[in-house]
Amino acid sequence: MKDLLLALPRLSRMLVSLAGDRDVPTSAKVVLAAMVVSLVRPIDLIPEFIPIIGPLDDIVVVALALRYAGRQVPRDVLLGAWPGAPRLMERLLG
């Protein structure tokens, strides 16, 4: 449970670290930046007040962006940028 609570701050630290890393392809940086912009923008594709499916568009955007970055960025770079336990990132990457 503790790992899940700390996942968001760790993810944000990882994104900042990846943004400054020369080993991360530009395309992955663009996709991750677009993910952050889509999360903080005030307009959603599906309004948040709709139960269950309201936050679904945000979850799908994050999942697709992280999946893309996971394929583009070398695994050792991702694990090096992750500030938490490597086993959690290994579980997320599959």
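Okay, residues lined up against (1) assigned to a loop (DSSP other than H, G, I, E, B); (2) under 11 Å from the mean Cα position of the chain (by Cα); (3) of a type outside the set (Ser, Thr, Tyr); (4) more than 19 Å from LEU92 (Cα to Cα):
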residue: MET35; (1), (2), (3), (4): no, yes, yes, no
residue: LEU39; (1), (2), (3), (4): no, yes, yes, yes
residue: GLU48; (1), (2), (3), (4): yes, no, yes, yes
residue: PRO51; (1), (2), (3), (4): yes, no, yes, yes
residue: LEU66; (1), (2), (3), (4): no, yes, yes, no
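Residues that are over 17 Å from ALA81 (Cα atoms) and either out of contact with any Phe, Trp or Tyr (no Cβ under 7 Å at 6 or more places or on another chain) or part of a helix (DSSP H, G or I) (or both): does region 13-21 have at least one? No, that holds for no residue.
Out of LEU39, LEU32, report the one residue that is of a type in the set (A, V, I, L, M) and at pLDDT below 90. Explain how you work it out, then say what you get.
Working: LEU32 fails: at pLDDT below 90.
None of the others qualify; the one that does is LEU39.
If you check LEU8 against the conditions, is it surrounded by 12 or more Cβ atoms within 10 Å (Cβ to Cβ) and in a helix (DSSP H, G or I)? In short, no. The number of residues in region 67-82 being open to solvent by less than 60 Å² (accessible area, probe 1.4 Å) and either in contact (Cβ under 8 Å) with a residue 12 or more places away in the chain or under 26 Å from LEU45 (Cβ atoms) (or both) comes to 8.
Here ASP23 meets each of (1) touching a residue at least 24 places away in the same chain (Cβ under 8 Å); (2) in contact with a helix residue (DSSP H, G or I) (Cβ under 8 Å, 6 or more places away or on another chain); (3) open to solvent by less than 50 Å² (accessible area, probe 1.4 Å) with one exception, condition (3). Residues in region 22-33 that are over 14 Å from the mean Cα position of the chain (by Cα) and in a helix (DSSP H, G or I): THR26, SER27.
Against the definition (at pLDDT below 80 and surrounded by 14 or more Cβ atoms within 10 Å (Cβ to Cβ)), how does LEU93 come out, yes or no?
yes
The values are calculated or read from the model by the stated rules, or taken from the named source; none is laboratory data. Source: prediction; values computed, not measured. Here Cβ is always computed from backbone atoms with ideal geometry, including for glycine, and neighbour counts include all displayed protein chains. Only protein heavy atoms, including side chains, enter the accessible area calculation; ligands, DNA and RNA are left aside. Shrake-Rupley method; radii C 1.70, N 1.55, O 1.52, S 1.80 Å.
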